[in-house]
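Novice: My questions will all concern the structure given below.
The values are calculated or read from the model by the stated rules, or taken from the named source; none is laboratory data. Please read all numbers here as calculations on a predicted model, not as lab measurements. Here Cβ is always computed from backbone atoms with ideal geometry, including for glycine, and neighbour counts include all displayed protein chains. Calculation scope for accessible area: heavy atoms of the full protein, side chains included, ligands and nucleic acids excluded. Shrake-Rupley method; radii C 1.70, N 1.55, O 1.52, S 1.80 Å.
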Amino acid sequence: MAQTFTLPIENMTCGGCAARVGKILSAVDAVSNVRVNFAAATAEVTMQAEDGLYDLSKTLRASGYPITEEQVHLSVSGLTCASCAASLTAAFDAHPGVQRASVNVASDTAEVSFIPSMTSEETLTDVARRAGYPARVVKSRDPSVQQHDAAHGLRASVLWAALLTLPVFVMEMGSHLFPAMHHLIAHRLGTQLSWTIQAILTTLVLIGPGRVFFKTGVPALWQGQPTMNSLVALGAGAAWCYSMVALLLPDWMPEGTQAVYFEAAAVIVTLILLGKWFEARAKAHTGAAIQKLLNLAPATARVRTADTWVDRPLSALRPGDVIMVQPGARVPTDAQITEGESRIDESMITGEPMPVRKGPGDAVTGGTLNGSGSLICEALRTGEATTLAHIIRMVQQAQSARLPIQALVDRITLWFVPTVLVIAALTMLLWLVLGPEPRLPSALVAGVCVLIIACPCAMGLATPTSIMVGSGRGAELGVLFRQGDALQSLSDVRLVAFDKTGTLTKGAPSLTAFEVAPSADAPTVLARLAAVEAHSEHPLALAVRQAAEAQDLPAALATDIEVFEGRGIAGNCEGTRYVIGNAKLMADEGVDISAFAPQADSLRAKGQSVFFAAAEGQLLCLLAVSDPLRPESRSAIAALKASGLEVAMITGDAETTAQAVAAELGIDHVFAQTLPAEKRDKLRELKTQFGAVAFVGDGINDAPVLAEADVGIAIGTGTDIAVETADVVLMSNDLQGVLRAFELSKKTLRNIKQNLGWAFGYNVLLIPVAAGVLYPAFGLLLSPGLAAGAMAFSSVFVLVNALRLRQAGRA
């Protein structure tokens, strides 16, 4: 059936955009009717199926007109295993308007991207509730707080379950292990009374601490989407029902099968609750990085009023407020220093251990630690606009990501629990047909063991816990994974391409040569060139302006500015047109530069960038700029090559300059004199030749090539971290951050594979044991209690293994 949707569209700035959007939508096969409203920035489309909406969204995004989306973060209750996550994800995906949904078992959260005109936050919480997983919208997204609360609640449940289970276990198992206790119970209580007490205590366990398994597991079973809770409910419920029949209606059972397994039902619930408690405590540690970041900002700021200083809550702070940062205090928000000097410890933001000296005019970041000086600052950004808030959002988004490897887990878990139910049923049938007498109790024990031991908790935790810990550790090291799947994508990279200026070099070039024609006056030329370069952000422009300022030259005014992308700039000053740029621009302008050719060749051979200036078509001067290499560039590139990666450099500099830098750093593949638009083409060439490519740039003018790379890494962005095209953002200028990113990717992916290997191997090995495969040869049959303990241990093992990533990057 055809459906009509109204889609809010971004970036429609004119009628031409609207026409282009209409053409893009009309070209999609599933779309039968299109009406684009430029004034409302919407497109009304009629489609044969809502399923095609996601592909339509991808097409629009790739064309530069994405559908406006919103994202909601939900705190979800009842998530216990990978099957739960798969069920809830399927429920979200089936709801109209949902673009993407990611459910994280490790943090009990869900991230849902949706089209606001088609659904809402309230509707999505209702979708989760109907699926059996009550949810609420949360704004402050610290998973560790939620997990601490969950651990506290589970601790109480475990204590109650243990107190009720202990007498049951002692009465039943104690009498088996110690003949004297058996006789004592038989004489003092009698078998019937003993069974009755066990029945009462076990029932209290099941309807009290254990009711959570039945509350969510049974409905999921009826809906045809069984989860881990369904398996526990079936196992414990079967043991309890069998025992109640043996207690109350013994004549209904064949001779020799009247036995009770109350202790199995009680122990199963208690041990699994114990495992859940350990899980919750370990999960809280996986979110420790977020907690550390949240704790960086102080609760109050000291703000100047008309005649005094007052302490105000951070939420009351506004841009423009004048704040005092006392010695040893944390900077409350992003600000600019107006008075005072001090050293600022930025290690928790950038990963750099050495404090940085700051003074008037310098920017400071909220959450950093002030040294021994007192500072007066003006607040620049507050609340959710601060660098710290942005970092926290980026880490949380990365922790909620679904890596490509998770798709395999999702496919398996969707049929895993139903398969376990079938295996359990076949196990009971085989024991009833082939097992020794009494067959019915043995069949029950074997079936319950299969149900309990096969709970897929470890599978569900294997990937998200590693992602949470790995991305959190990255934040501590100043490596922010904006896109969580970059943790896996980096492991596939075969070549790393670098921008030069501001990436391999310090990005602060200085004018190292300035030679003017014999007829020109050097100070006058420099002052007028500086006036033209005042309209440019190019490193050469900065070097020229700084050189003019250093000589105290009088300021001039330039007009009629023309910018030649990748070549240079031109403008009028004092009635004369000046052109400044590279040799290519001079050739385009018809300027002969041969007079300075020897000097230019000599400077290029030393790795310096050479430019020229002309006035009214006549060569005026030669300018050379040197941008020193970062101290760590050579060692970082050597380390990348030692790890088996190819290294390339893509730059707009002249060939000789680029080759000189490449030779000094040991870079094998060099592309010089490339315009910004051409960098993407060069990157595509490298992809074709080597495979997956990462590009490392300064995140400011490298947006197109960062987006083109398989993994875009923005380096040295500091507080300017809003690099929407990068997959990985490095908070410091240190190229060692690139190595840390690759190391974290390698260790995280290895950790995930270890977890998945354990989770799958555990089930493959122990399900046959639980079914009784060792009984014919060795007479061994696993007890339900041991099965529950093994299941709980499996999940805890996965969590503890993931937590080892907190040590990644330590010396």
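Novice: Is it the case that the range 1-9 has a residue that's modelled with pLDDT under 80 and outside any strand (DSSP E or B)?
Specialist: Yes, the range 1-9 contains at least one residue that is modelled with pLDDT under 80 and outside any strand (DSSP E or B).
Novice: Also, I was wondering about something else. Among the residues of the range 774-803, count how many are in contact with a Ser or Thr (Cβ under 9 Å, 6 or more places away or on another chain), of a type outside the set (Ser, Thr, Tyr) and open to solvent by 30 Å² or more (accessible area, probe 1.4 Å).
Specialist: 2
Novice: Could you pull out the residue among SER510, SER489, SER519 that is surrounded by fewer than 24 Cβ atoms within 10 Å (Cβ to Cβ) and without any contact (Cβ under 8 Å) to a residue 12 or more places away in the chain?
Specialist: SER519 is the lone residue from the list that is surrounded by fewer than 24 Cβ atoms within 10 Å (Cβ to Cβ) and without any contact (Cβ under 8 Å) to a residue 12 or more places away in the chain.
Novice: Return yes when ARG318 is open to solvent by 70 Å² or more (accessible area, probe 1.4 Å), of a type in the set (Lys, Arg) and either in a strand (DSSP E or B) or closer than 17 Å to MET731 by Cα (or both) and no when it is not. Write out each step before concluding.
Specialist: Numbers: open to solvent by 70 Å² or more (accessible area, probe 1.4 Å): yes; of a type in the set (Lys, Arg): yes; either in a strand (DSSP E or B) or closer than 17 Å to MET731 by Cα (or both): no.
So ARG318 fails the test.
Novice: Still on this structure, please answer the following. Can you pull out the strands (runs of 3 or more DSSP E) entirely within the range 494-592 that have at least 1 residues that are in contact with a helix residue (DSSP H, G or I) (Cβ under 7 Å, 6 or more places away or on another chain) and either on the phi > 0 side of the Ramachandran plot or of a type in the set (Asp, Glu) (or both)?
Specialist: Those strands (runs of 3 or more DSSP E) span 510-516, 568-573.
Novice: Please go through the range 68-96 and pick out each residue that is touching a residue at least 24 places away in the same chain (Cβ under 8 Å) and part of a loop (DSSP other than H, G, I, E, B).
Specialist: THR68, GLU69, SER77, GLY78, LEU79, THR80, CYS81, HIS95, PRO96
Novice: Being farther than 30 Å from VAL479 by Cβ, touching a Phe, Trp or Tyr at 6+ places or on another chain (Cβ under 9 Å) and open to solvent by 10 Å² or more (accessible area, probe 1.4 Å): is that true of ALA771 here?
Specialist: yes
Novice: Looking at (1) surrounded by fewer than 18 Cβ atoms within 10 Å (Cβ to Cβ); (2) under 49 Å from the mean Cα position of the chain (by Cα), which one does MET586 not meet, given that it meets all the others?
Specialist: Against the list (1) surrounded by fewer than 18 Cβ atoms within 10 Å (Cβ to Cβ); (2) under 49 Å from the mean Cα position of the chain (by Cα), MET586 comes up short only on (1).
Novice: Taking the residues in the range 675-691 that are modelled with pLDDT of 90 or more and more than 12 Å from GLU708 (Cα to Cα) as candidates, determine which candidate is surrounded by the fewest Cβ atoms within 10 Å (Cβ to Cβ).
Specialist: Going through the qualifying residues, I end up with THR688.
Novice: Within the range 241-266, can you find the residues that are over 16 Å from ILE200 (Cβ atoms), open to solvent by less than 30 Å² (accessible area, probe 1.4 Å) and at pLDDT 80 or above?
Specialist: Result: TYR242, single match.
Novice: Next up: Consider VAL579 against the criteria (1) closer than 24 Å to PRO628 by Cα; (2) at pLDDT 90 or above: it satisfies all of them except one. Which criterion is unmet?
Specialist: (1) is the only condition that VAL579 fails.
Novice: Looking at the range 736-756, I want the residues that are under 15 Å from VAL711 (Cα atoms) and have a partner that is in a helix (DSSP H, G or I) and open to solvent by 20 Å² or more (accessible area, probe 1.4 Å) with Cβ atoms under 8 Å, at least 6 apart or on another chain. Which pairs are those?
Specialist: From residues that are under 15 Å from VAL711 (Cα atoms), the pairs are LEU739/ALA639; LEU744/ARG473; SER745/GLN488; SER745/SER489; SER745/SER491; LYS746/SER491.
Let's see how each residue does on (1) open to solvent by 10 Å² or more (accessible area, probe 1.4 Å); (2) out of contact with any Pro (no Cβ under 8 Å at 6 or more places or on another chain); (3) in contact (Cβ under 8 Å) with a residue 24 or more places away in the chain; (4) not polar (S, T, N, Q):
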| residue | (1), (2), (3), (4) |
| --- | --- |
| SER609 | yes, no, yes, no |
| PHE612 | no, yes, yes, yes |
| GLU616 | yes, yes, yes, yes |
| LEU622 | no, yes, yes, yes |
| LEU629 | yes, yes, yes, yes |
| LEU645 | yes, yes, yes, yes |
| GLY652 | yes, no, yes, yes |
| ALA658 | no, yes, yes, yes |
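Novice: Under 6 Å by Cβ, and 6 or more places apart or on different chains, what pairs join a residue from the range 548-564 that is free of Cβ contacts under 8 Å to residues at least 12 places away in the same chain with one that is among the small types (Gly, Ala, Ser)?
Specialist: GLU562/ALA570
Novice: While we're on this one: Filter the range 39-60 for residues that are among the polar types (S, T, N, Q) and at pLDDT 75 or above and give the result. Even if it seems obvious, please write down each step before you answer.
Specialist: Initial filter on the range 39-60 (among the polar types (S, T, N, Q)): 42, 46, 48, 57, 59.
Passing the criteria: THR42, THR46, SER57, THR59.
Novice: Here's another thing I want to ask about it. Could you grab me the full set of residues in the range 12-38 that are surrounded by fewer than 16 Cβ atoms within 10 Å (Cβ to Cβ) and at pLDDT below 70?
Specialist: THR13, CYS14, GLY15, GLY16
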